[in-house]
1. Report whether or not Ala89 is out of contact with any Lys or Arg (no Cβ under 9 Å at 6 or more places or on another chain), modelled with pLDDT of 90 or more and surrounded by 10 or more Cβ atoms within 10 Å (Cβ to Cβ).
2. Going by the structure shown, is Arg140 surrounded by 10 or more Cβ atoms within 10 Å (Cβ to Cβ), modelled with pLDDT of 90 or more and assigned to a helix (DSSP H, G or I)?
Amino acid sequence: MSIETSAAHQTEEQLRELIEIVETAKSMPMSGSAMVNRDEVLDILDEIVAHLPEELRAARWLLKERDEVRAKAAREAEGIIADAKSRVAQMVQEREIVKVAALRAEQITEDAEADARQMRREAEDYCDQKLASFEVVLDRLVRTVAAGRKKLQITIADSELGDGAIGRYEDEADSEAAAYFDQDLGD
C-alpha cells in the first residue's frame, strides 16, 4: 500500500471517528444541539488537515492561483478596453480636427483665389487707365509732331520761295506744337 493510500485511509478513519463523537454526544435538553469535547474534536481535525493529500493542497493552491489569474486578466481587460475607448475618442477628435482644418484650408484657398482675382482686375484696370492716359499723351504728341513737321515743311517751302513767313501758324494744332517746342527751347 502506498503512502498516499495510507494517508487517505487514515483521514477516512479520523472522519468516521468525528462522526461517531457527534452521534454519541450527549444531547442538550430541549434542543437539537449536542455537547462534544472541543479539544478532542479540534485535535482530530488538525490531524486530518495535516494528513490531507498533497494533491488536495495543490488543487487548493491552483484554485487560488486561478482566481488571481482571472482577477488579473479582468483588470488587464478593463485597462485594454479603457485604452481602446480613449484611443477611439482621440481618433474621433483628431478626425474632427482634420475635418475642421480641411474646411478652414478650403476657405482660405477660396479667399486667396478671390483676392487674387480682385487684385488681377484692379491691376488690369490700373494698367488700362495708365495706357489710356499714355494714349492721350501719345495722341497729343503725334499731333504735335505732325504739326511741327507741317510747320517745318511750310518754313522750308517759304524759305525756298523767299516769302519770310517764319513764325506763322495755320491752325490751333500748329500753335500747340509750337508751344510744345517753345518750352523745350526756353530752357
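1. It is false that Ala89 is out of contact with any Lys or Arg (no Cβ under 9 Å at 6 or more places or on another chain), modelled with pLDDT of 90 or more and surrounded by 10 or more Cβ atoms within 10 Å (Cβ to Cβ).
2. It is true that Arg140 is surrounded by 10 or more Cβ atoms within 10 Å (Cβ to Cβ), modelled with pLDDT of 90 or more and assigned to a helix (DSSP H, G or I).
The values are calculated or read from the model by the stated rules, or taken from the named source; none is laboratory data. Nothing here was measured: the structure is a model prediction, and the numbers come from that model. Reconstructed Cβ throughout: ideal geometry from the backbone, glycine too, with neighbour counts over all protein chains shown.
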